[in-house]
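What follows is a single structure, written as structure tokens, with notes after it.
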Amino acid sequence: MPEHVHRPVQTAASLPRIAMLHYSALPVVGGVEAVMAEHARLLAAAGYPVTVVVGRGGTEGLPAATRVVKIPEIDSEYPPNLELQDELDRGRPPAGFAALRDQIRGALEPALAGQDIVIIHNVMTMHFNLPLTAALHQLLDQGRLPRCVAWTHDASWEDPLQHQHVHPRYPWNLLRRLRPDVTYVVITRTRQATLAQMFHCRHDRLRVIPNGVHARFWWNLSPEGDGLIMDLGLLDGDLFLLQPVRITQLKNIAYSLRVAAALKNLGLAPRFAVTGPPDPHDPAGQALLTELRTLRRELDLESEAYFLTELGPDPDVPRVLPFTVVRDLYEACDLIWLPSTAEGFGIPVIEAGFLGRPVFCADIPVFREIGRNLVYRFKLDEEPLRVAARLAAWAERDRAYKLRRQVWRGYTWRAVMRDHLVPLIHELMARPAAPG
């Protein structure tokens, strides 16, 4: 019988209820288990009621709001299933196959009752628990499952290492049966091509939804830094230039704004941020910030250029970013931008070098000394448009920058949720539910 591990929490009644089904869940170690946990986290954070139905695991690694239903029979390592597998590998369904299939079907139906969508990970195309696969097909034939998604990471029929486990008859033929009442998701276009051949269907019958990564984890962002980057959309454009300095005349921030405007005129979508407040030792600092705000408005950069000092809770009190947030911005930016007319040392150059961020800086003695030929330098009398063109050319040819941008736009979990999961849910909910 199903074992309920976590009690559900109250969530928005208007959002569809989503179940996920697999042989096991975290803390069982596996790629599918990790992806399923990420989906559960994303959906739960957005307020969707999430239920995970598994044979094993589910005791940790999932969001606290997740309801977990354990059905031991659907575990790929369930002892009776392993006994059947030995017979199945010989190419014949054993005598106990139908009984286990029916036992699983009887446990699944109440476990999935009341769900709007069930996402089945790998079970429809992998041989690891064929009684479970057969039970799901029976429930679908009877119209007793909710809107169904077959999330296909792997397929036994397309894996040379698994060919010994599949045979051209029932129940193995279920693993390459394309059902009209199921939405199929694959994780790459490569997998899409191979499975379209296996299913004898058009490529677009199989929806591609990639896996993702956590920007916050890999960049080790603090909650404050992560929130600042997201709220301002600092990575939503094409180039994020960070000037990690206080606001003084020597930092040449007006020139920075003109270069940002030139990038915009070249058809790019720049983002530019200055981290520091006006110099507290310079009485003219606040007047300079006022001038820079005026210039920003005149250059039509109010959606692209930010003086982070003015984003505190009290507009009359300069915001001073913690060092952890400044470090977060170093990780997130595309390049460090330093058009200073003079510097005593230029510590942002070595900070950028330590974190592996490229540096574009003025051709002044201290930057030549510290950065040598490992930074990109420009003359202070160069026209902003010419410097902007050099920045654009660098972005066009630098593979590391282009890969970072590609991952950010399409392969973070935030992007997967925004561009794929939510649209999929909306499309599924626009369809009628199964009559059963």
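The values are calculated or read from the model by the stated rules, or taken from the named source; none is laboratory data. As the structure is a prediction and not an experimental result, all values here were calculated from the model. Here Cβ is always computed from backbone atoms with ideal geometry, including for glycine, and neighbour counts include all displayed protein chains.
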**OP:** Go through Leu62, Leu84 for me and flag whichever is over 30 Å from Gly47 (Cα atoms) and crowded, with 19+ Cβ neighbours inside 10 Å.
**Re:** Leu84
Original post:
Which residues, taken from segment 78-94, are in contact (Cβ under 8 Å) with a residue 12 or more places away in the chain and more than 17 Å from Ala135 (Cα to Cα)?
Top reply: Glu83, Asp89, Gly91
**OP:** Would you mind listing the strands (runs of 3 or more DSSP E) fully within segment 153-250 where at least 3 residues are modelled with pLDDT of 95 or more and under 30 Å from Leu301 (Cα atoms)?
**Re:** 239-243
Original post:
Taking Gly276, is it buried (at least 20 other Cβ atoms within 10 Å of the Cβ), of a type outside the set (Lys, Arg) and either free of Cβ contacts under 8 Å to residues at least 40 places away in the same chain or in contact with a strand residue (DSSP E or B) (Cβ under 7 Å, 6 or more places away or on another chain) (or both)?
Top reply: yes
**OP:** From Leu288, Leu301, grab the single residue that is over 22 Å from Gly344 (Cβ atoms), in contact with a strand residue (DSSP E or B) (Cβ under 8 Å, 6 or more places away or on another chain) and not acidic (Asp, Glu).
**Re:** Leu301
**OP:** Working carefully through the options Ala134, Ala150, find the one that is surrounded by fewer than 23 Cβ atoms within 10 Å (Cβ to Cβ), touching a Lys or Arg at 6+ places or on another chain (Cβ under 6 Å) and at pLDDT 95 or above.
**Re:** Ala134
**OP:** Give Glu83, Glu60 a once-over and let me know the one that is within 23 Å of the chain's Cα centre (by Cα), of a type in the set (D, E, K, R), farther than 16 Å from Glu109 by Cα and modelled with pLDDT under 95.
**Re:** Glu60
**OP:** Please verify whether segment 393-406 includes one or more residues that are modelled with pLDDT of 95 or more and either assigned by TED's automatic domain parsing to the domain that holds Leu206 or within 17 Å of Pro244 (Cβ to Cβ) (or both).
**Re:** no
**OP:** Inspect all residues belonging to segment 164-174 and state whether any of them is in the same structural domain as Asp75 (by TED's automatic domain parsing), without any contact (Cβ under 8 Å) to a residue 24 or more places away in the chain and among the hydrophobic types (A, V, I, L, M, F, W, C).
**Re:** no
**OP:** Could you list all residues from segment 370-389 that are assigned to a helix (DSSP H, G or I) and either surrounded by 12 or more Cβ atoms within 10 Å (Cβ to Cβ) or among the aromatic types (Phe, Trp, Tyr) (or both)?
**Re:** Ile370, Gly371, Pro384, Leu385, Arg386, Val387, Ala388, Ala389
Subject >> Test: Arg207 is basic (Lys, Arg), touching a strand residue (DSSP E or B) at 6+ places or on another chain (Cβ under 7 Å) and surrounded by 15 or more Cβ atoms within 10 Å (Cβ to Cβ) >> reply: yes
**OP:** Please work out which one of (1) farther than 24 Å from Val422 by Cα; (2) touching a helix residue (DSSP H, G or I) at 6+ places or on another chain (Cβ under 8 Å); (3) assigned by TED's automatic domain parsing to the domain that holds His420 is the condition His203 fails and give its number.
**Re:** (1)
Original post:
Say we look at segment 325-349 and pick out the residues that are more than 21 Å from Pro270 (Cα to Cα) and of a type outside the set (Val, Ile, Thr); which of these is surrounded by the most Cβ atoms within 10 Å (Cβ to Cβ)?
Top reply: Gly346
Subject >> Enumeration of residues in segment 40-61 that are free of Cβ contacts under 8 Å to residues at least 40 places away in the same chain and aliphatic (A, V, I, L, M) >> reply: Ala40, Ala44, Ala45, Val50, Val52, Val54
**OP:** Among what's in segment 308-351 and is within 28 Å of the chain's Cα centre (by Cα) and aromatic (Phe, Trp, Tyr), pick the residue that is farthest from Trp218 (Cα to Cα).
**Re:** Trp337
